[in-house]
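Here is the structure we will look at, set down as structure tokens.
The values are calculated or read from the model by the stated rules, or taken from the named source; none is laboratory data. From a predicted model like this one, the values you see are computed outputs, not experimental measurements. FYI the Cβ positions are ideal-geometry reconstructions off the backbone, even for glycines, and counts take in every protein chain you see.
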């Protein structure tokens, strides 16, 4: 193995957080669709779903570093979230990667994404060994080369383990797969070279094994009774679905522990900035993934960097994952790229003083599943989340927020079909037992509230006061006493959108090619 040499230009950013001789390693452990579920978020004063889970790796990282209680994605959809993460930009400013599966229906050379350089590329230029295991989901492999030769079975964790005659051994098989992939990544590192590693498994993304939460992790769905979010029916099938989801989150946590164990074994743990987070909220549940409510856009977040990030602190002010790019660059002693919209979190995390944080997050979405609506039109949302309020603009309120009623118009569909095929109907909600239950019971009076708030039409503006309504179910946008607050948040949101050139504000570009394949006629 060659001795790594400091590259020219590595001293860029002297006087910031690291010198050329002390570049930290950076490891991002990034869940898929996990939301903000970890035992560190359990509160004995407020019964919640977090009471059921156990996430020792995340909890330990948070206790030895920082726990953020209000971390948000730029877009609650896989590709735009990950593109905003790597670029440090609001999702709408990323061209083809502003929407799921980085679609672009025009000349390739016109795609703004091609001009964007992410933090991984910038760190590689400054001598970092970079790489990714599992989910990329953005055009250009900007997270680095793939290291998954040891296998990808961890991405179907519950399916694989449930079929094994020895459940503990089945789990160990997948933990060792994670370890081997990380070791393969490290084997290509030159001696002394700092590294940037992304562990991006697809759990707990759909699908997973029904009943696996209890079978594999001992999570009793009945213990969720009375703790369910009020927008979900508190019935057995939905409780079981949520318990299975939480089990996938626990599997992710155990895999994170394996990576941390390897860092410790090689003596690099204390020289590594480790972050655990995820790309958005729960799949297959209304108001989750693809939505700007907390259930869809708020994610877990813990970070540890001994000697730099103060241990034991809790950040309650909202932060955005677009801030990770500038933060990682600053840790390596580099200024953020001029193209980045996010902020460097290190001054606040290292000092323990959070007054300098921006204190709000911008969230939004356009197209998720192309087949969700007629002519593949998007459902457009923009939102601003502060410590006290969530303000949402539904920019296409005439369209169905979760997709159109598709094949259901042709007759009844069996429960299992609805639970397995996302595109059968309401395609912006992933398939699963909860979605199937909701669709099949949508006309029953006892579930009208849940149906309307999850799948029904939405007004142009929504405003929620978080202190009294943490689940965001009482829209105050039409209340005169909140007119001033609504106006201020609207102005703040619009100013940010205009500053960074949101195509939605420029002739509704997301409704036409190249953003939308069919779209409207100009």
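Out of curiosity, is residue 241 farther than 20 Å from residue 67 by Cα, over 11 Å from the mean Cα position of the chain (by Cα), touching a residue at least 24 places away in the same chain (Cβ under 8 Å) and not assigned by TED's automatic domain parsing to the domain that holds residue 463?
Answer is yes for this residue.
Inspect region 369-382 for any residue being under 19 Å from residue 73 (Cα atoms), modelled with pLDDT of 95 or more and not in a loop (DSSP other than H, G, I, E, B) and give the result as yes or no.
yes
Is it the case, given these coordinates, that residue 118 is assigned by TED's automatic domain parsing to the domain that holds residue 227, modelled with pLDDT of 95 or more, out of contact with any strand residue (DSSP E or B) (no Cβ under 6 Å at 6 or more places or on another chain) and at positive phi?
When the stated conditions are applied, residue 118 does not pass them.
Could you tell me whether any residue of region 436-446 is farther than 24 Å from residue 397 by Cβ, under 28 Å from the mean Cα position of the chain (by Cα) and surrounded by 14 or more Cβ atoms within 10 Å (Cβ to Cβ)?
The answer is yes; a qualifying residue exists.
Restricting to region 455-476, name every residue that is in contact (Cβ under 8 Å) with a residue 60 or more places away in the chain and surrounded by 15 or more Cβ atoms within 10 Å (Cβ to Cβ).
Hits for region 455-476 are 455, 458, 461, 462, 463, 464, 465, 466, 471, 472.
Within region 437-447, is there a residue that is closer than 26 Å to residue 100 by Cβ, modelled with pLDDT of 95 or more and touching a helix residue (DSSP H, G or I) at 6+ places or on another chain (Cβ under 6 Å)?
Yes: region 437-447 contains one or more residues that are closer than 26 Å to residue 100 by Cβ, modelled with pLDDT of 95 or more and touching a helix residue (DSSP H, G or I) at 6+ places or on another chain (Cβ under 6 Å).
Name the one entry in 279, 294 that is surrounded by 22 or more Cβ atoms within 10 Å (Cβ to Cβ), in contact (Cβ under 8 Å) with a residue 24 or more places away in the chain and farther than 22 Å from residue 46 by Cα.
279
Kindly indicate whether any position in region 396-412 is under 25 Å from residue 297 (Cβ atoms) and either under 19 Å from the mean Cα position of the chain (by Cα) or assigned to a strand (DSSP E or B) (or both).
The answer is yes; a qualifying residue exists.
Go through the residues of region 332-349 one by one and say whether even a single one is touching a residue at least 24 places away in the same chain (Cβ under 8 Å), assigned to a helix (DSSP H, G or I) and at positive phi.
Scanning region 332-349, I find no residue that is touching a residue at least 24 places away in the same chain (Cβ under 8 Å), assigned to a helix (DSSP H, G or I) and at positive phi, so the answer is no.
Tell me yes or no: at least one residue of region 451-458 is closer than 21 Å to residue 291 by Cα, outside any helix (DSSP H, G or I) and in contact with a strand residue (DSSP E or B) (Cβ under 7 Å, 6 or more places away or on another chain).
yes
Can you tell me which condition residue 230 does not meet? The list is (1) without any contact (Cβ under 8 Å) to a residue 60 or more places away in the chain; (2) surrounded by fewer than 20 Cβ atoms within 10 Å (Cβ to Cβ); (3) within 25 Å of the chain's Cα centre (by Cα), and all the others hold.
Going through (1) without any contact (Cβ under 8 Å) to a residue 60 or more places away in the chain; (2) surrounded by fewer than 20 Cβ atoms within 10 Å (Cβ to Cβ); (3) within 25 Å of the chain's Cα centre (by Cα) one by one, residue 230 breaks only (1).
Given the structure, is residue 139 in contact (Cβ under 8 Å) with a residue 12 or more places away in the chain, out of contact with any strand residue (DSSP E or B) (no Cβ under 7 Å at 6 or more places or on another chain) and within 30 Å of residue 115 (Cα to Cα)?
When the stated conditions are applied, residue 139 passes them.
Does region 277-288 contain at least one residue that is in the same structural domain as residue 34 (by TED's automatic domain parsing) and either over 30 Å from residue 402 (Cβ atoms) or in a helix (DSSP H, G or I) (or both)?
Within region 277-288, not a single residue is in the same structural domain as residue 34 (by TED's automatic domain parsing) and either over 30 Å from residue 402 (Cβ atoms) or in a helix (DSSP H, G or I) (or both).
For residues that are over 16 Å from residue 434 (Cα atoms) and touching a helix residue (DSSP H, G or I) at 6+ places or on another chain (Cβ under 6 Å), tally how many sit in region 275-291.
Of the residues in region 275-291, 3 are over 16 Å from residue 434 (Cα atoms) and touching a helix residue (DSSP H, G or I) at 6+ places or on another chain (Cβ under 6 Å).
How many of the residues making up region 467-479 are out of contact with any strand residue (DSSP E or B) (no Cβ under 6 Å at 6 or more places or on another chain) and more than 15 Å from residue 287 (Cβ to Cβ)?
The qualifying residues number 4.
Which residues, taken from region 59-77, are in a helix (DSSP H, G or I) and surrounded by fewer than 23 Cβ atoms within 10 Å (Cβ to Cβ)?
Matches in region 59-77: 59, 60, 63, 64.
Is it true that residue 502 is surrounded by 15 or more Cβ atoms within 10 Å (Cβ to Cβ) and either under 29 Å from residue 370 (Cα atoms) or at pLDDT below 95 (or both)?
Spelling it out, residue 502 is indeed surrounded by 15 or more Cβ atoms within 10 Å (Cβ to Cβ) and either under 29 Å from residue 370 (Cα atoms) or at pLDDT below 95 (or both).
The rows are residues; the columns are (1) part of a loop (DSSP other than H, G, I, E, B); (2) at pLDDT 95 or above; (3) in contact with a helix residue (DSSP H, G or I) (Cβ under 7 Å, 6 or more places away or on another chain).
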site: 6; (1), (2), (3): yes, no, yes
site: 10; (1), (2), (3): yes, no, yes
site: 15; (1), (2), (3): yes, no, no
site: 53; (1), (2), (3): yes, yes, yes
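Name, by its number, the condition in (1) without any contact (Cβ under 8 Å) to a residue 40 or more places away in the chain; (2) over 22 Å from the mean Cα position of the chain (by Cα) that does not hold for residue 179.
It fails just one condition, (1).
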